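Reading through the structure tokens given below for one structure.
The values are calculated or read from the model by the stated rules, or taken from the named source; none is laboratory data. These figures come from a predicted structure and were not determined experimentally. As a convention, Cβ positions derive from the backbone with ideal geometry for all residues, glycine included, and neighbour counts pool all protein chains shown.
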């Protein structure tokens, strides 16, 4: 029994010693390494990937994708990345697009401010998910020029990024600039030639009565896109199977073979 008491009486001293050691280590690292030379902060001061000393707010890389905001236990965002993460939480979980927009715009301002201070104009382009979110909101609100600007930033950083050219095409459709819209739809298909979403969307675009493209046999081209969609759907069913029925019917009306395999496998 006395032996057990001795063990438990030793634990508080051990914990205090560990705390002192960790505190000393943190100050030692901070003293040896100037703030300008600290490792880049990939995920915010209090988030995954952070180290024990405070980091500069100008990370070279960002963790793209969504992190559970509540698990980060951050009371108030400080970096562009943190504002972006809270914005996604407000948009997706709280269904508050206005609050999300405020966070996204604050994140964008921080990036531009840091870029000016560092004389690095490419910095604002690197947080890709921020621009994708902003561009999508602008697109849904009908702010088509702003949407195009955000998606163009994405393409400057990653010309192969999926969906950006398609969204720019959608913005040009909203502006009534059909020739430019078609060019961006084609660019999206050049990057992702089997994208069912793009194949379906560009075919619907070409079959709209108000869309008149010079030198393009729109029904023939639309039929080709519909058939390619059905061929792809035979192996990878669309998330929305009703579209397969619609596309099969439209393809046959335009003289195509339809999509028997897709209908059999997916419906």
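Determine whether residue 251 is buried (at least 19 other Cβ atoms within 10 Å of the Cβ), over 28 Å from the mean Cα position of the chain (by Cα) and modelled with pLDDT of 95 or more.
yes
Residues considered: 231, 196. Of these, the only one that is under 27 Å from the mean Cα position of the chain (by Cα) and either touching a residue at least 24 places away in the same chain (Cβ under 8 Å) or crowded, with 17+ Cβ neighbours inside 10 Å (or both) is 196.
Every condition in (1) over 30 Å from residue 238 (Cβ atoms); (2) buried (at least 20 other Cβ atoms within 10 Å of the Cβ); (3) free of Cβ contacts under 8 Å to residues at least 24 places away in the same chain holds for residue 119 except the one numbered (2). Just one of the numbered conditions (1) modelled with pLDDT of 95 or more; (2) surrounded by 21 or more Cβ atoms within 10 Å (Cβ to Cβ) is not true of residue 218: (2).
Taking segment 159-267 as the region of interest, the helices (runs of 4 or more DSSP H) fully inside it that hold 1 or more residues being out of contact with any helix residue (DSSP H, G or I) (no Cβ under 9 Å at 6 or more places or on another chain) and outside the structural domain of residue 142 (by TED's automatic domain parsing) are 218-233, 242-253, 260-266.
Conditions tested, residue by residue: (1) under 25 Å from residue 168 (Cα atoms); (2) touching a residue at least 60 places away in the same chain (Cβ under 8 Å); (3) touching a helix residue (DSSP H, G or I) at 6+ places or on another chain (Cβ under 9 Å); (4) outside any helix (DSSP H, G or I).
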residue: 64; (1), (2), (3), (4): yes, yes, yes, yes
residue: 70; (1), (2), (3), (4): no, no, yes, no
residue: 100; (1), (2), (3), (4): yes, no, yes, no
residue: 107; (1), (2), (3), (4): yes, no, yes, no
residue: 133; (1), (2), (3), (4): yes, no, yes, no
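Taking (1) free of Cβ contacts under 8 Å to residues at least 12 places away in the same chain; (2) over 30 Å from residue 74 (Cβ atoms) in turn, residue 140 satisfies each apart from (2).
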